[in-house]
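**Student:** Before I ask anything, let me first share the structure, which is written out below as structure tokens.
The values are calculated or read from the model by the stated rules, or taken from the named source; none is laboratory data. Predicted, not measured: the structure shown is a model, and the values here were computed from it. Glycine gets a Cβ as well: all are built from the backbone with ideal geometry, and neighbour counts include every protein chain shown. Side chains are part of the model used for accessible areas, which takes the heavy atoms of the whole protein and leaves out ligands, DNA and RNA. Shrake-Rupley method; radii C 1.70, N 1.55, O 1.52, S 1.80 Å.
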Amino acid sequence: GLKQELFHRHKEAQQCCRPHNLPLLRAAQQREMEAMEQQIREEQRMMDEKIVLELDQKVIDQQSTLEKAGVSGFYITTNPQELTLQMNLLELIRKLQQKEAEAEKKFS
């Protein structure tokens, strides 16, 4: 949205500009567009970092909850291999729960 607005503003300025000033105006507009793109990239990077930190906190909360519940293999860790093991354990638990639910449906 911001880029579109800037583009339209630049186009209007170019239409009102005198021909001998057009190269200077275009150069200034190019710098302004590059600065905006850099700002957008920086804001996106900061947003991505924030999301990753929030996801990391969710993982820690989940590990803590499962550890307190006494589920084997769960404790707070950031080790990628241990995290993969925990994810596989959760997937196994989910599949077992699904099979159990299907078996209960058959017998009811």
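**Student:** How about K105: which lysines have a C-alpha closer than 30 Å to its C-alpha, ignoring those fewer than 8 places off in the same chain?
**Tutor:** Answer for K105, where 30 Å is the Cα cut-off: K95, listed by chain and number.
**Student:** Further question: Report the local net charge at R41: Lys and Arg +1, Asp and Glu -1, summed over other residues whose C-beta lies under 11 Å from its C-beta. Could the numbers behind the result be given before it?
**Tutor:** Numbers: positive: R45; negative: E34, E37, E42, E43, D48.
For residues surrounding R41, the net value is -4.
**Student:** To continue, here is another question. Reachable lysines from K58, Cα under 16 Å, same-chain residues fewer than 8 places away excluded?
**Tutor:** Correct list for K58: K50, K68.
**Student:** Can you tell me the FRET efficiency between R41 and T78 if r is taken as the Cβ-Cβ distance and R0 is 30 Å, rounded to the nearest 0.05? Display every interim value, and only then the final one.
**Tutor:** Numbers: r = 27 Å, r/R0 = 0.91.
So the FRET efficiency works out to roughly 0.65.
**Student:** Please work out how much length the chain gains when fully extended from A69 to N88, using 0.36 nm per residue of separation minus the C-alpha to C-alpha distance, in nm with one decimal. Intermediate values should be presented prior to the final figure.
**Tutor:** On the way: separation 19, 0.36 × 19 = 6.84 nm, distance 1.78 nm.
So the extension gain works out to 5.1 nm.
**Student:** Just from its helices, what would the mean residue ellipticity at 222 nm be for the chain, if runs of 4 or more DSSP H residues each count -39500 (n - 2.57) and the sum is divided by every residue, rounded to the nearest 500 deg cm²/dmol?
**Tutor:** Working: 3 runs with 90 residues, N = 108.
Mean residue ellipticity, 222 nm, calculated: -30000 deg cm²/dmol.
**Student:** Give me the 1.4 Å probe accessible area per residue for the chain, excluding ligands and nucleic acids, in Å². Mind showing how you got there, number by number?
**Tutor:** Numbers: 9280 Å² over 108 residues.
Per-residue value: 86 Å².
**Student:** Another question, if that's okay. Can you pull the percent of the chain's accessible area that's carbon plus sulfur, 1.4 Å probe, other chains left in place? Please list the in-between numbers first.
**Tutor:** Details: 5330 of 9280 Å².
Answer for the chain is 58 percent, counting heavy atoms of protein chains only.
**Student:** If you don't mind, there's one more thing I want to ask. If you take the beta carbon distance between K58 and Q98 as r and set R0 to 25 Å, what does 1/(1 + (r/R0)^6) give as a FRET efficiency, to the nearest 0.05?
**Tutor:** Numbers: r = 22 Å, r/R0 = 0.90.
The pair K58/Q98 has a calculated efficiency of 0.65.
**Student:** Got a sec? Charge dipole of the stretch 5-108, +1 on Cβ for Lys and Arg, -1 for Asp and Glu; which of Q97, P19, L55 is way out at the positive end?
**Tutor:** Comparing the listed Cα positions along the dipole, P19 ranks first.
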